[in-house]
1. Of the residues 45, 9, 27, 41, which is of a type outside the set (Val, Ile, Thr) and crowded, with 19+ Cβ neighbours inside 10 Å?
2. Inside the range 7-48, can you point out the residues that are in contact with a Pro (Cβ under 7 Å, 6 or more places away or on another chain) and outside any helix (DSSP H, G or I)?
3. Please count how many residues of the range 74-89 are closer than 27 Å to residue 140 by Cβ and over 17 Å from the mean Cα position of the chain (by Cα).
4. Given the criterion in contact with a strand residue (DSSP E or B) (Cβ under 7 Å, 6 or more places away or on another chain) and either in contact (Cβ under 8 Å) with a residue 24 or more places away in the chain or over 19 Å from residue 16 (Cα atoms) (or both), identify the matching residue among 120, 109, 144, 125.
5. Considering only residues that are of a type in the set (Phe, Trp, Tyr) and buried (at least 18 other Cβ atoms within 10 Å of the Cβ), which ones fall in the range 140-175?
6. Determine whether residue 115 is within 18 Å of the chain's Cα centre (by Cα), over 19 Å from residue 57 (Cα atoms) and of a type in the set (Lys, Arg).
7. Just one of 105, 81 is aromatic (Phe, Trp, Tyr) and open to solvent by less than 50 Å² (accessible area, probe 1.4 Å); which is it?
Amino acid sequence: MPLSDVEPRVDSPDPAEHLVAYLDYYRGAVERKVRGLGPERLGERPLASGWSPLELLVHLVHMEKRWFLWGFLAQDVPDPWRDHTGGDPHGPWCVPEGDADVGDWLRRLHDGGARTREILSSHDLAERGATGGRFTPDETPPTLLWIGFHVLQEYARHAGHLDAAREQIDGMTGE
């Protein structure tokens, strides 16, 4: 996990190394923003869209698992949409009942990052996701490169959302 908010400077022609570095960077940014709130403020919903910082953290954990484990590897992922109310992929984000320990969710965030690093370092980025998990045999799964960039943009976008939420909750600005 990055210990600072300094953007990574990877000096490598390997795009997988860049993806790993930036995904780690954004996981670290999310952790700093969430930890900075303290547990008593993680459930606040300062933006009109109505989500809380803890719900966003839960979403990121599930999102990464859906794309890399369930999607790319086609591993069985029980209840892949557990971060959405009623398991509906189009429903609002939620924190699963009785599962609101922020420390545990941050551990899951970084455990997922370790799995992602392993996948990105052991597979060719041009390899397509397997069928049988998120992708059915009648569709062409995306490449690992596409999945990596999609997950990266999710992290970057949601880290920005956390910036706006923090500014509304406690006035904190910046990365």
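1. 27
2. Correct list: 37, 42.
3. The total comes to 6.
4. From the options 120, 109, 144, 125, the qualifying one is 125.
5. Hit for the range 140-175 is 155, nothing else.
6. Details: within 18 Å of the chain's Cα centre (by Cα): yes; over 19 Å from residue 57 (Cα atoms): no; of a type in the set (Lys, Arg): yes.
For residue 115, the condition - within 18 Å of the chain's Cα centre (by Cα), over 19 Å from residue 57 (Cα atoms) and of a type in the set (Lys, Arg) - is not met.
7. Numbers: 81 fails: open to solvent by less than 50 Å² (accessible area, probe 1.4 Å).
The match here is 105.
The values are calculated or read from the model by the stated rules, or taken from the named source; none is laboratory data. Model, not experiment: these values are computed from the prediction. Every residue, glycine as well, gets a Cβ built from its backbone with ideal geometry; the counts of neighbours run over all protein chains shown. All accessible areas refer to the heavy atoms of the entire protein, side chains included, with ligands and DNA or RNA removed. Shrake-Rupley method; radii C 1.70, N 1.55, O 1.52, S 1.80 Å.
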